Amino acid sequence: MQESPAISWNELHSELIAFVYPKVKDKATAEDIVQDVFVKVHTKAHQLKEADKASGWIYQITRHAITDYFRKSSKLVDVQHFEGPQVDNYLNDCVANCLKELMKGLPEKYRVALELADLEDLSQYDLAERLEISYPGARSRVQRARKMLRDKIEAMYVITTDCYGNIIACDNHPGGCCKKC
């Protein structure tokens, strides 16, 4: 006799909450993540090739959802809530603008991948899906784009940062394009 889908989903829901909660330490967040997992499972069920591997597949989706949650939450930290010396963000903003300009010179496939991952905050799994390439391919493309951009900026500027990563000095190499810094 087959078990009712509602019962198995309820059991799975409880298992996933028990799996997610210790990692995020917040009941509401755990519920949200599990809800997102169920939506992904429902929309991507056609991708599951072997039904006997469904549990592992769902847990893999759950692990990725947890990683995405932490990735997004780490970018949402408001630095105004931290005590300490106030830093003039002028140089940070200036170099960020220069980076955006230098990105335009990257080959298109690398530029698009970097823009989606870093400027639009798309996870590399979602990036792979959007670009219709494998996850390792998407990850590699973003890493190569970052390296190309780093090489370009290092060739044009000497950037000094403080222990927090804030730019405290930016000097142009001969031929550097930024006159504002």
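The values are calculated or read from the model by the stated rules, or taken from the named source; none is laboratory data. Here the structure is a predicted model, which is why all the values come from computation and not from measurement. No Cβ is skipped: glycine too gets one built from the backbone with ideal geometry, and neighbour counts run over all protein chains shown.
A few comments on the model shown:
- Among residues of the stretch 100-122 that are in contact (Cβ under 8 Å) with a residue 12 or more places away in the chain, those with a Cβ under 7 angstrom from a residue that is part of a helix (DSSP H, G or I) and exposed (fewer than 11 other Cβ atoms within 10 Å of the Cβ), sequence gap 6+ or separate chain, pair up as ASP121/LYS75.
- In the stretch 63-83, the residues that are among the β-branched types (Val, Ile, Thr) reach residues that are at pLDDT 85 or above and part of a helix (DSSP H, G or I) with C-beta atoms within less than 6 angstrom, at least six apart or across chains, in these pairs: ILE66/LYS23.
- Scope the stretch 66-109; condition within 16 Å of the chain's Cα centre (by Cα), assigned to a helix (DSSP H, G or I) and either within 20 Å of VAL142 (Cα to Cα) or at pLDDT below 90 (or both); matching residues: THR67, ASP68, TYR69, PHE70, ARG71, LYS72, SER73, SER74, LYS75
- Of the residues LYS53, LYS147, the single one that is loosely packed, with under 12 Cβ neighbours inside 10 Å, part of a helix (DSSP H, G or I) and at pLDDT 90 or above is LYS147.
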